[in-house]
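Here's the structure we're looking at; comments come further down.
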Amino acid sequence: MGGSESSKGMVLGRLVEFIKEISGLPECQNFCKRVYGNLVRRVKLLSPLFEELKDSDESLSDELLESFESLLVALDSAKTLLKSVNQGSKLYQAIVKRSKERCLFYVVKPFIEFLMPQKHFERVVKLIPVTHRRGLDNTGKKPSTSSDEKERLNHHLSLKQKKKNVSNIPMRWSPLGVVDRWLRNKAKNEAKVCMREGKKAEKGKEKLRGVSKEQEIIAYADAALRRNDIADKFQQVTEKIEAVLSEIPYYKLEISEEVREQIELVHAQFKRAKAQTEFADIQLDMDMAMAQKEKDPDPAILKRLSEKLHLRTINDLRKESSELHELLITNGGELGESFEMITSLLSKLRDCVLTENPEVDTSECEKLTIKHRSPVIPDDFRCPISLELMKDPVIVSTGQVQSDIVFVHGTATYERSCIQKWLDAGHKTCPKTQQTLVHTALTPNYVLKSLIALWCESNGIELPKKQGSCRTKKCGGSSHSDCDRTAISALLDKLASNNIEQQRAAAGELRLLAKRNADNRVCIAEAGAIPPLVDLLSSSDPRTQEHAVTALLNLSINESNKGTIVNAGAIPDIVDVLKKGSMEARENAAATLFSLSVLDENKVQIGAAGAIPALIKLLCEGTPRGKKDAATAIFNLSIYQGNKARAVKAGIVGPLIQFLKDAGGGMVDEALAILAILASHHEGRVAIGQAGPIPILVEVIRTGSPRNRENAAAVLWSLCTGDPLLLKLAKEHGAEAALQELSENGTDRAKRKAGSILELLQRIEGDDNLRNS
């Protein structure tokens, strides 16, 4: 078989990491909960296959590696989708994130033609969007239906079979839900079926308030005809994963029978998984449509929405409001009509929650678009100079405050025109704090500006007029940052100057801006700040060097910036900082290397630049945070096979064993994780075996945390496979009893490793008995 060991290690390592990331995602608390949970659960069950292959010495064919790489792409899509549906505004997810005006009316047309009287049909057609009228003539009249077709439809939609038919219909046939609804109405003498708590109210006699027959029909039709874009994406991801799993020849792999059975079961689950529009989803769409269209919706509808979207309390609504504000800021204040729809619905849900909980003080909801006759302007919205509502708030840097990782400048916000007059008068201090300003660049505060605009809208106040805004569009004009090009250009000029004080201040400011938000990272990189920051890594001023390396660390959070930083030749300079810089600079250099090493191609370059010996030195002598930064970087770099040998040759095994012995040092988790990955390499196994780890490994298996017991068992299995002496030594130290307990109560991987070692122990015991007989 032809796959190289390095390719195998990288691909399997990435697969394991992807699955861990997906498995560690938080539980979904919106209308996607079921399909979200199913996908996470199925992906999690793939983990044993790749962990077992990763720990084995089996070579993988190029064809199999190619299949695994395709699976990586599919899992990456799954991770992106899962994160997107579990973050941000729940109302935005439910209202906006769906494909619009799908021309599916032709699917349901024959059924509506057959079941609906002509007079209702003509009135309904007028309410249907033009793009949904496919298959109808220009007059809106329904074509005649043949007797054969009537008989077929009547049979297909028999009352006895309707429930079974609809519940098993794939999503693309979900318009039949409309027919199911109409059929039930028809069977009940066309009475309205109340949706309150999903039960029929008084045998269908209660009517939905203020809703005509045609409006109800078209609301259901609209809900059914709009195919849910999120569910469609889940279906696509499921199909991708299933297609890749179909290509993997499990019978050719040297894996345990237990793992093979589990993977075949998971594959079968993916194969059977079909996107379905359940009645609850149609009900959600219907409720959303009615809640938006009606000025005074039925409280039962709002209550169902509150439950379905997990917006049950004032705190839930406050969080939703914050998410909407963040979404608005992310989209540059441009959500169009959708934002009005969402805020209107949020207000209705707030009233519903207050009705359900009358003991809640109305003041608790002031931030949820409650209107006041004479609203009091919040202090944070007033300019400290004029005490008026700010129209164009800007930030000035007032001084420096030491933070945990980033060197933070103190800031104050003012109305642009007021602070500009202050500066034009020759003042160099902050009017509020009297501290000397770091520089006179004014940074627009778009977060506060958006909140002020929202507050004005919700309180019926005219929006502040723009006055000379210097807001600059980025990324093709669609994204906005809280720093404009003028301010960044001024900072870049200072970076390029020969004045050390200016360089230090500018690097520190960029460090802060890059930490603040994602848009800033894009903005700063596009302005060309990365090359001069890389140059400052060689600065003779320790503080400037710290600012530069930490600014690059913050910028590297953006995936595109990683490549820009590496292409600017930063890796050798970062390694130099790691070797010779101050302790803070070395720690942040280690964190930067970890961030850059997320890309596999960078792992090779970082290892070749001599980073691993320097990381090991930091691992031994750094602060607790520095040790953890170094350990995470070493672990990530060691996924590449060549770096495992570099780490072993640099003497990493000794310090790792020492960390295991010093349980109070807080590094046991990291040490075992690195040992587990090094033990898959021949040189790593030899070095670990020579360090005498058996007693401490057995002790960890006996008393450690579940994850540490798992990693300790993995290391012990790697050491004992093919080495009878170490196996006997493990038995002498009581490994058998500890492994027996682990095989019963450990994690899935720990159980497999423990079982494999116990089999080796039984085999060697049998061999000894034969020799003695």
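The values are calculated or read from the model by the stated rules, or taken from the named source; none is laboratory data. The structure displayed is predicted, hence computed values, not measured ones. As a convention, Cβ positions derive from the backbone with ideal geometry for all residues, glycine included, and neighbour counts pool all protein chains shown.
Here are some notes:
- Restricting attention to the stretch 1-33, the residues that are among the polar types (S, T, N, Q) and either assigned to a helix (DSSP H, G or I) or modelled with pLDDT of 75 or more (or both) add up to 3.
- Test for residue 615: is it at pLDDT 95 or above and under 24 Å from residue 552 (Cα atoms): yes
- Selected residue (criterion: nearest to residue 259 (Cα to Cα)) from residues of the stretch 39-55 that are touching a residue at least 40 places away in the same chain (Cβ under 8 Å) and out of contact with any Ser or Thr (no Cβ under 9 Å at 6 or more places or on another chain): 49
- Counted residues, the stretch 412-449 - those being over 25 Å from residue 507 (Cβ atoms), in a helix (DSSP H, G or I) and either at pLDDT 80 or above or of a type in the set (Gly, Ala, Ser) (or both): 7
- Per the listing 639, 574, the residue uniquely buried (at least 19 other Cβ atoms within 10 Å of the Cβ) and touching a residue at least 60 places away in the same chain (Cβ under 8 Å) is 639.
- For the stretch 482-534, the set of residues classified as among the acidic types (Asp, Glu), more than 28 Å from the chain's Cα centre (by Cα) and under 13 Å from residue 561 (Cα atoms) is empty.
- Subset of the stretch 520-546 that is under 21 Å from residue 558 (Cα atoms), touching a strand residue (DSSP E or B) at 6+ places or on another chain (Cβ under 9 Å) and not acidic (Asp, Glu) - its residue that is surrounded by the fewest Cβ atoms within 10 Å (Cβ to Cβ): 522
- Condition met for residue 687 (part of a helix (DSSP H, G or I) and more than 26 Å from residue 745 (Cβ to Cβ)): yes
- Residues of the stretch 301-327 that are touching a Ser or Thr at 6+ places or on another chain (Cβ under 7 Å) and either acidic (Asp, Glu) or modelled with pLDDT of 70 or more (or both): 312, 320, 323.
- Residue 685 being among the charged types (D, E, K, R), under 19 Å from residue 646 (Cα atoms) and within 39 Å of the chain's Cα centre (by Cα): yes
- Checked against the criterion of being at pLDDT below 80, on the phi < 0 side of the Ramachandran plot, in contact with a His (Cβ under 9 Å, 6 or more places away or on another chain) and surrounded by fewer than 18 Cβ atoms within 10 Å (Cβ to Cβ), the candidates 401, 360 yield just one match: 401.
- Flag for residue 703 being hydroxyl-bearing (Ser, Thr, Tyr), touching a Leu at 6+ places or on another chain (Cβ under 9 Å) and surrounded by fewer than 20 Cβ atoms within 10 Å (Cβ to Cβ): no
- When we screen 83, 79, 54 for residues that are of a type in the set (Lys, Arg), surrounded by 15 or more Cβ atoms within 10 Å (Cβ to Cβ) and over 30 Å from residue 716 (Cβ atoms), the only hit is 79.
- With respect to the stated conditions, residue 727 fails to be part of a helix (DSSP H, G or I) and either among the small types (Gly, Ala, Ser) or buried (at least 24 other Cβ atoms within 10 Å of the Cβ) (or both).
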